[in-house]
Each structure stands twice: as C-alpha cells, then as structure tokens.
Amino acid sequence: MTNVLNEWAFIGVFFLLAPLLPSLPIAIAALISPRKPNAIKQATYECGLETVGDTWVQFKVQYYVFGLIFLVFDVEMVFLFPWALAYQQLDFFAFAAGLLFIFLLTDALFYAWGKNALEWS
Amino acid sequence: MESRSTPNQFLRLGITLVILAVIGGGLIALLNGITGQACLNNLSSCLTNNGWNPGIAGFVPILLGVLGVATFPLLVTILLIWVERKFAARIQDRIGPNRVGPFGLIQPLADVLKLLTKEDITPTGADKPIYNLAPPFMVASVLLIWAVVPFTPYHYGVDLEIGAIYFVAVASIATLAVIMGGWASNNKYALLGAFRTVALLVSYEIPLAMALLVPVLLAGSMSMVGIVEAQGAMWFMFMAPIATLLFFISSQAEVGRAPFDLIEAESELIAGFNIEYSGMKFAMFFAGEFMHVFTNGVLMAILFTGGWWGPFAYEAPLLGFFYLMIKSSFWYFISLWVRNSLPRFRVDQVMNLNWKILVPISILNLIMMALMLRIALGFEQSAGIVVTDFFSALPRTGFLLIGNVVVLVVVWLWLGRQGRQQRQLEEMNRFSVTATGD
C-alpha cells in the first residue's frame, strides 16, 4: 500500500516539477532580457499586413467531425487496454468478445467513411 | 532612454544571480547533508535516524528521484540540438555548426546565452496567462513520459502498473499546449496552425495507441518495466513488425515533424502556432520538440527493441543503460533521416493516410495479433513449451510473423484495389472534361 502511495507521490511531485523546470529559464530570461515595448513591436505579426477583424473566427466544421470520430476511438482504446492486459489469462471467449467490440467500432468508422465524413474539402 | 534602462537591467541581473545562488546553494547543502550521512541505500530511514522529520525524510528521496529523472532529458536535449543540426547539415551537403568549440559542440550553449538576452515580446491582443503557460506545458508533457522509462533493470523513475495508459494520457498534454499557444496568441496564422494540430495530433493518437496495444497484449503487462522484461526471449519488433512500423509513423506525426510538419509549415503558416513567441519561450517549444523526438526513440527502444536488454545487462546495470541509449539513438537517427528526406504532406493527404490507411491497418493488425497469440498459446500448451529463452520463443514468433504476413497481403490487395478504383475515376473524369470541352 505504502509502495503504491510512494509511486503516485512520485508522479505527483513530477507533475508539479515538470512545468517548473522549463519555467526556470523563462523566468531568468524575463529578468535579464531587455524590456522596451512599443505598439508596433507588439502588433500581431501577419506578414506585415495589418490584421483585419477578429482572430477567433468560425472554422471548418470538418474539425468537429474528426474530433467526434476521435472521441469514439479514444474511449474504445480505454476499454481495449484492460482487455489486452488480461488477454493471455483468458480463454477463446475473450478473443470473440474483443473481436465483436472492435467490429462494432470499425463498423462506425466505415459508416463515417461511407457518409464522406472523412473527406477533407 | 538608454541611461535610464541600464541600472534597472543591472538590478534585474543581480536578482537573477542571487536566485541562482540560492538554488545552487540549497542543492549543494542538500547533497552535503545526504552524502555526509553516507547512507545512499536507504535514504529516508537514515535521515530519520539522524533526527529528520519522518514525513520530510520520506519526501527527500522522491524529490531527488524526480529531479534526476527530469533533468536527464533536459541535459540530453542540449546535446541533441547539436546532433540534429549537424545531421541535417550533412544530409543537405553542408558542414553545419563548426565554429564554437570543437566540432561546434558548444553551439547549443551559445544559442542558450543568446536566447536569454532576447526581448520577450507579447502581442497586444494575447490572452496572457494561457500564452505564458503554453511553453512550459509543451516541455512538461515530454518530461512526464520519462517518469515511467526503465533506464536499467534496477533504475527507473517509477514502475506504474498502468504505464502504457499513463504514456498515452501524458503525451496528449502536448496537443493541449499547442492549442493553448495558438489560441492565446491572437494571431490568425497561429490559430490556423493550432486547428491543424487538433486534426493531426489527435488523429494520429489512434494508430499510436492501437500499436501500443500490441506490446501490452504480448507482454501481458501495461507497466513499461514489465514490457521490457517480457522481451528477454525475443524483441517485440520481430514478433510484431507491422505494429513497430505503425508506432514509428504515428510517433513521427505526434512530434509534428516532416513529412507531418503541417503544424508549423514554414512556407504556408510562417511558423504555425508558435509564430508570436520569441526568446526563451520560443526556445522552450523547440526544446520540447527536440526532446520529444528522442523520447520517441526511447519509447521505440522500450516497447519494441527490448529496452535495456543485452549481454550482461543484469550484472552491470550501466551496460543496460548503454544498450538503451544505443537503441534509442538508432530510432532517433532513422527519425532524423526521414525528417530530412521527405517533403511535406497536404492536410487532406495526412488525414486520408491516417483514417483510411493507418487506422484500418492498426485495427486489422490488432485482431490478427490477438488471434495468432491465442493459437500460439494453445500450441505452446499442447507442446509443453515454456517461453524462457530465444529458442523457446521461436514458435510464438513464427505464428505472429505469419499473422503479420497475412495482414501485409490483405493490405497490399486492398490498397491495390483502391488505387485501381481511383485511377478509373480519374480516367473517367478526364474523359468527361474533354468531352464537354470540345
């Protein structure tokens, strides 16, 4: 039990330190680098043209479609990991069950394919 | 103006030196306290015996472990910058950095010094907190992977039982950092770059995780240590070459490097999501990328080419570390070679390659591996084979290789059919165009 706790304490400390380590050089740079801001220097850089309108514009619906398909597969993966982990101890039924599960999701992929959801245009 | 800013700058330089001195002094004092007590084997109990608070004493080894594991990739990165530039130069028939130090070895340090003195420009419309958080997140996502890397049979950060899922979870923080940077910059090019990232990185995570499932399946373990130990008899690369290839391709895409460098397509989006970053923040994005490429090499070594396995790895752990680094460098160099040789894909081509080729192949491959492993286990049971060494692993390898060949043949026939259909379609289109044109 303490061992498991130690493992996760390690991960916890790592999660706190991992963003801090790269922040250190940034902080040092912020301290010793020159600071002379002006309006033109801080303007949005778009190849020298003045920026027109709002940046946070509407974007292609295709990104949402891919996001949704990705979500399906990502959830599938979470269920497949335990299946793969215990696979060698299980009997043939586990293979059939896994096959059925993968088949259902592959079916969804081919459905999306057939509906032209995977076309980028 | 000049004279007014100078004392201010000296003051800030002074503060920096004081901070560095405090950090350095603290580390030296800590190390002195530990080595002075001369008990590196069981640090926490030893510290408790010397009058430390048990809670703090238990915390010190963890903190030191984290610092050790996390600084190693950061130090390697400094060298990698030189390796990468020299390698790219050689491929492009140039000499590369050769002025600073022997063979230009000190070049990265000179770059760091230069970057430290560069002004940090934040564009006016930027969303400041998110804008500033993005670069450390980028590096952190790669650093966190190293927590589960087994360096030698006895030395690793932590042996998580869910190491594989941990890797998938932590690696996707990089996507988050790219989106944060692109969105918060308030720049249309940066935003477009970030959008492409959503599409690219997120899509290639699927074949990546599908390929990752194969070593988990073969090892019967999700811990990185367990996966490496399971490769004592035979590397998984020989059991599952297709999964190895899939993992390599999709990890190349995850880094966002050529031929998948749409994220920062220089000629289309100037630099993509990191266009508004300058100075050290920009450097952190790049350090994260360099580190990620090598980390992918390390993962390839761990998952498919046996990690620290090699002659006498158990007797001399340092040798195991050496083997791991050799194998990682091998994959790292292949990655650099690919990067410097291939042109960039178009967005639709990248998406087609992933969703219409890599994802179906990875699904088919997973099913085939599961089936063949079941058959191989049945055969081993009936023949009374226990997989312990190279020769006893041969039947299993044979069965799995047959599975790989079947997958290859199916993919070959299927791609051929698709290609013929495509050509027919193009032929028909051309025909109809000329018909209407006349």
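For the reader, a short list of remarks on this structure follows.
- Among the lysines of the protein assembly as shown, pairs at least eight places apart or on separate chains and with Cα atoms under 22 Å apart come to 21.
- Within chain B, the percentage of alpha carbon pairs spaced more than 42 angstrom apart rounds to 26%.
- In order along segment A:70-87, the Karplus-derived 3J(HN,Hα) couplings, from 6.51 cos²θ - 1.76 cosθ + 1.60 at θ = phi - 60°, round to 4, 4, 4, 6, 5, 5, 4, 4, 4, 7, 6, 4, x, 4, 5, 5, 8, 4 Hz, and Gly and Pro are given as x.
- For the peptides B:83-92, B:212-221, the ranking by packing is B:212-221, B:83-92, with the highest mean count of neighbouring Cβ atoms within 10 Å listed first.
- Residue mean of other protein chain beta carbons inside 10 Å, A:39-45: 6
- Residue B:22/residue A:71 FRET efficiency (R0 60 Å; Cβ-Cβ; nearest 0.05): 0.80
- Rg and Dmax [Cα atoms of the protein assembly as shown; Å; Rg one decimal, Dmax integer]: 26.0, 96
- For segment A:94-103, 3J(HN,Hα) per residue [Karplus equation, 6.51 cos²θ - 1.76 cosθ + 1.60, θ = phi - 60°, Hz, x = Gly/Pro]: 4, 5, 4, 5, x, 4, 4, 4, 5, 4
- Normalised contact order of segment B:332-404, rounded percent, pairs of Cα under 8 Å and 6 or more residues apart: 32 percent
- Highest to lowest packing among A:23-34, B:127-138, scored as the average C-beta count within 10 Å: B:127-138, A:23-34
- Where a label projected 7 Å from the Cα of residue B:114 along Cα→Cβ would reach, residues of segment B:280-321 with amide N under 14 Å: B:280, B:283
- Annotation: extensible slack from residue B:99 through residue B:79 equals 5.6 nm (criterion: 0.36 nm per residue apart, minus Cα-Cα distance).
- Phi to ³J(HN,Hα) by Karplus 6.51 cos²θ - 1.76 cosθ + 1.60 over segment B:89-105, Hz, x for Gly, Pro: 4, 5, 5, 8, 6, 10, 9, x, x, 8, 9, 8, x, x, 6, x, 5
- Extension gain from residue A:41 to residue A:58, taking 0.36 nm per residue of separation minus the Cα-Cα distance: 3.4 nm
- Per-residue mean of foreign Cβ neighbours for B:363-374 is 4 (Cβ atoms of other chains, 10 Å radius).
- Highest-first arrangement of B:245-253, B:172-180, B:141-149, where packing means the average Cβ count within 10 Å: B:141-149, B:245-253, B:172-180
- Per-residue mean of foreign Cβ neighbours for B:117-126 is 5 (Cβ atoms of other chains, 10 Å radius).
- Take the Cα of residue B:316, step 7 Å toward its Cβ, do the same at residue A:91, and the gap between the two points is 5.0 nm.
- Cβ-Cβ distance of residue B:402 and residue B:64, R₀ of 41 Å, FRET efficiency by 1/(1 + (r/R0)^6): the value works out to about 0.25.
Every number here is computed from the coordinates shown, using simple stated rules; none is lab data. Bear in mind the structure is a predicted one, so any value in this text is a computation, not a measurement. Positions of Cβ are backbone-derived with ideal geometry, glycine not excepted, and every protein chain shown enters the neighbour counts.
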